[in-house]
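Participant: I'd like to ask you about the structure that follows.
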Amino acid sequence: MECSERKIDLVYTWVDGKEFEWKREKRFWQEKLGIYSGDEVNDCRFIDNQELKFSLRSVAQYAPWINRIFIITNGQIPSWLDVSHPKITIVKHSDIMPNDALPTFNSGAIETCLANIPDLSEYFLYANDDFFINKPVQPSYFFDKSGKPIVRMYKLDWSEDEIEHKIYQSNVTYCAKIIKDKYGKFYKYENAHNITPYRKSYFLECAKTFPKEFDRTCHAKFRIRKSLQRTLHDFYMFANNLAVCKVYRKKKFADNIIIGLRTPNQVKNELKTRNPFLFCINDDEKTIPDHRLRLKSTLSEIFPVAQDWEYEADFQIKPAWKNADSINIVFAPDNNFCKYFSVALQSLIENNNTSKKYDIVVFESDIEEKNKNKLLNMIPDNFIMRFVDINEFINEKFKSLELKSKNWWSVSMYYRIFIPLLMPSYNKVLYLDSDICINHDLTELFNINLEDKKVGCVVDTISAVLYRHLQRMDYMKNVLKLTNPHNYFNSGMLLFNIKNIDKNGYIQDFLNAYEIEDLLYPDQDILNVMFQNNVKFLESKWNYLYGQCAWGIQYLNYIGGDYKKEFLEARENPYIIHYTSPKKPWNVPTAEYAEIFWKYARKSPFYEEIIYSSINRLYSDLGEKLFVFNNRYRVYFKYYFYKIFTNFVTGKAKTKFFNKKYKWKYRLRKIREYKKSMR
């Protein structure tokens, strides 16, 4: 039979390591078995970066002759995959593995049972989800004319130390020893770690030949030493002359390659330079979050054609609690801010209403798995917390938009703007910044009638003293085009009245506001432009902005009337403390309400990290102050230069000078603080 006439199936193993229930079950078994660290439980082994979608695209583009595609999962299904497609079959672990081996978190255990897949063809290929085809490939690349699999191997160059201490190297060597003991042949090779051809009958024969070894590996929930790698099947075929062994003595000469998950340009340059048939993009412990973040856009460029088994992306976040009047809250910390977010979360937990359900959604794009696990371990039974990477949503809906960070704010500051688009099934959703502490049951906030308004929020402290900040007033009127600058609100607490927001015009409203150049406070200014005249103003106690008094208690002398009374009441009994300004409690432990932050921080799993960062910051701030003080004459000159000339320019130049003035004013303030500390 000619190669082209054979039916050749393709088998994948896949898991979504970000799913809440899966993570909880994995943690349970790690604790039960006493496995807390090591290569066998490293999160990078289970992270889904949606590589499977693009691997399937590569197959459709370059190997359309593939017969059927089987995807082995624990029951999870990729959100984008149409499982009713005739070419795709989902295979559960329970379909091919014994019940007493489940659940499993060991790819090696799953691989021992590949031949048990119902209706699997005699000839099949096996792939991980991060394997890709780079150019047209024929069946003859995988099987010779007689039907023997052509297995590509690398010659081993491992040290004795690697074999002793690294579990993969140890187990490949163990497989080689098993074959040597049985057949007297020792193979110093490793599988080229890419799409590999097999015969089902050979798989079954190998399992019958080594039943004890297969059974031990099959029942290991995590990788263990002296267990099987699929390399054993390769060695078995070689020893019995059932396969063709093609050995690359140097990896750089291979026609299938492994690329570390690095920058998009590094990945694309490697493919262009070497032009392999197959490649693997390997996510390992050296991978940084930014590389994962950009992987999908890289793969989208390499494999841009969507297939008919892909659903159109549905980015809607559904309520976590069904038939429940839940408290729905969104946070958006980046990885660096997780430790401070944990304090906000602890304060929410301690002030929660135990009769209510809490639906917590964390918008993120770079939070490390270890930090997610710490945060998830904090939550009580009446909470569900989910991490949602909205980078895919932004790439899909705003392809031409490059979100700009500013000063110490990362691009995550924009994420709150997308809440109405991502959560249309909710009635109300509360957004909270992560530099806050909650001192009151939020049920009362959710019970406030927002009437026909689109958002409930608190007026910003600057709004009451605009008569002292004429340039800021001018900016609000002439740049932001606000009809009433005195209604300018703070965006650190936003109660979205989702049902009153028209989703159709929302995107265009955002894009129009985003086009304004040199925004002073990007997300906050944009939201004020979008929602002006559609705001239900709430009492200041729901977002007590402590920054004004942190900088100078004289602020109280500049405000008056009903606002002063309301602000003083909020200061006396704040329901939500918002630590605005750079004078955060972790920077200035003597600041107003810092003791409340530290009360919750002591109970946070990040407490030691917060302390360590605070000490480091103390020394770095001292260095910065010394530098600024030594350059004080330049700071004075720059500040007064921009202050004076702001009055003589108009339009975009005025906005630019205005922003520059504030930058140098901040440094001038640092000098004055340093002078006071020396007295």
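The values are calculated or read from the model by the stated rules, or taken from the named source; none is laboratory data. Worth saying up front: this structure is predicted, and the values here are computed from it rather than measured. In this analysis, Cβ positions are derived from the backbone assuming ideal geometry, glycine residues included, and neighbour counts consider all displayed protein chains.
Participant: Identify, from the list Ala207, Ala254, Ala243, the residue that is among the small types (Gly, Ala, Ser), in contact with a Cys (Cβ under 9 Å, 6 or more places away or on another chain), touching a residue at least 40 places away in the same chain (Cβ under 8 Å) and crowded, with 19+ Cβ neighbours inside 10 Å.
Facilitator: Residue meeting the stated conditions: Ala207.
Participant: Residues in segment 104-142 that are over 18 Å from Val172 (Cβ atoms) and touching a Lys or Arg at 6+ places or on another chain (Cβ under 7 Å): how many?
Facilitator: 9
Participant: Given the structure, is Gln76 in the same structural domain as Ile66 (by TED's automatic domain parsing), of a type outside the set (Val, Ile, Thr), modelled with pLDDT under 95 and farther than 30 Å from Asp389 by Cα?
Facilitator: no
Participant: Looking at segment 551-581, which of the residues that are surrounded by fewer than 14 Cβ atoms within 10 Å (Cβ to Cβ) and among the polar types (S, T, N, Q) is nearest to Ser347 (Cα to Cα)?
Facilitator: Asn573
Participant: State whether one or more residues within segment 493-508 are in the same structural domain as Ser581 (by TED's automatic domain parsing), among the β-branched types (Val, Ile, Thr) and modelled with pLDDT under 90.
Facilitator: Yes, segment 493-508 contains at least one residue that is in the same structural domain as Ser581 (by TED's automatic domain parsing), among the β-branched types (Val, Ile, Thr) and modelled with pLDDT under 90.
Participant: Okay, next question. Quick check on my filter: what residues within segment 539-583 are of a type in the set (S, T, N, Q) and at pLDDT 95 or above?
Facilitator: Ser540, Asn543, Asn573
Participant: If only one of Glu2, Glu51 is at pLDDT below 95 and loosely packed, with under 15 Cβ neighbours inside 10 Å, which one is it?
Facilitator: Going through Glu2, Glu51 in turn, the sole match is Glu2.
Participant: Only one of Ser58, Ser84 is modelled with pLDDT under 95 and either farther than 27 Å from Leu261 by Cβ or not in a loop (DSSP other than H, G, I, E, B) (or both). Can you tell me which?
Facilitator: Checking each option against the conditions leaves just Ser84.
Participant: If you don't mind, another one. What is the number of the single condition among (1) without any contact (Cβ under 8 Å) to a residue 60 or more places away in the chain; (2) surrounded by fewer than 22 Cβ atoms within 10 Å (Cβ to Cβ) that Lys428 does not meet?
Facilitator: The failed condition is (1).
Participant: Okay, moving on. Wholly within segment 309-390, which strands (runs of 3 or more DSSP E) include no fewer than the required count, namely at least 1 residues that are in contact with a strand residue (DSSP E or B) (Cβ under 6 Å, 6 or more places away or on another chain) and either under 23 Å from Ile77 (Cβ atoms) or modelled with pLDDT under 95 (or both)?
Facilitator: Strands (runs of 3 or more DSSP E) meeting the threshold: 358-364, 383-389.
Participant: Has segment 450-470 got at least one residue that is of a type in the set (Asp, Glu) and either touching a Pro at 6+ places or on another chain (Cβ under 8 Å) or under 27 Å from Glu595 (Cβ atoms) (or both)?
Facilitator: yes
Participant: Run Lys584 past the list (1) under 30 Å from Leu376 (Cβ atoms); (2) in a loop (DSSP other than H, G, I, E, B); (3) in contact with a helix residue (DSSP H, G or I) (Cβ under 7 Å, 6 or more places away or on another chain) and report the number of the one that doesn't hold.
Facilitator: (3)
Residues checked against (1) over 20 Å from Lys318 (Cβ atoms); (2) assigned to a strand (DSSP E or B); (3) in the same structural domain as Arg571 (by TED's automatic domain parsing):
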residue: Glu396; (1), (2), (3): no, no, yes
residue: Leu401; (1), (2), (3): yes, no, yes
residue: Cys437; (1), (2), (3): yes, yes, yes
residue: Leu445; (1), (2), (3): yes, no, yes
residue: Lys453; (1), (2), (3): yes, no, yes
residue: Ala464; (1), (2), (3): yes, no, yes
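Participant: Scan segment 275-289 residue by residue and report those that are within 17 Å of the chain's Cα centre (by Cα) and either part of a loop (DSSP other than H, G, I, E, B) or at pLDDT 65 or above (or both).
Facilitator: Result: Asp283, Asp284, Glu285, Lys286, Thr287, Ile288.
Participant: Which one of the conditions (1) out of contact with any helix residue (DSSP H, G or I) (no Cβ under 6 Å at 6 or more places or on another chain); (2) assigned to a helix (DSSP H, G or I); (3) of a type in the set (A, V, I, L, M) does Leu495 fail to meet, given that it meets all the rest?
Facilitator: Checking Leu495 against (1) out of contact with any helix residue (DSSP H, G or I) (no Cβ under 6 Å at 6 or more places or on another chain); (2) assigned to a helix (DSSP H, G or I); (3) of a type in the set (A, V, I, L, M), the one that fails is (2).
Participant: Shifting gears a bit: Consider Ile438 against the criteria (1) surrounded by fewer than 19 Cβ atoms within 10 Å (Cβ to Cβ); (2) at pLDDT 95 or above: it satisfies all of them except one. Which criterion is unmet?
Facilitator: (1)
Participant: Also, quick follow-up: Looking at Leu156, Leu204, which is the one that is over 20 Å from Leu242 (Cβ atoms) and hydrophobic (A, V, I, L, M, F, W, C)?
Facilitator: On inspection, the qualifying residue turns out to be Leu156.
Participant: Specify the residue that is surrounded by the most Cβ atoms within 10 Å (Cβ to Cβ); the eligible residues are those in segment 582-608 that are over 23 Å from Lys372 (Cα atoms) and among the acidic types (Asp, Glu).
Facilitator: Glu592
Participant: Then there is this: Residue check: is Glu190 of a type in the set (Asp, Glu) and touching a Ser or Thr at 6+ places or on another chain (Cβ under 7 Å)?
Facilitator: yes
Participant: Is it true that Val91 is crowded, with 17+ Cβ neighbours inside 10 Å and under 22 Å from Gly17 (Cβ atoms)?
Facilitator: yes
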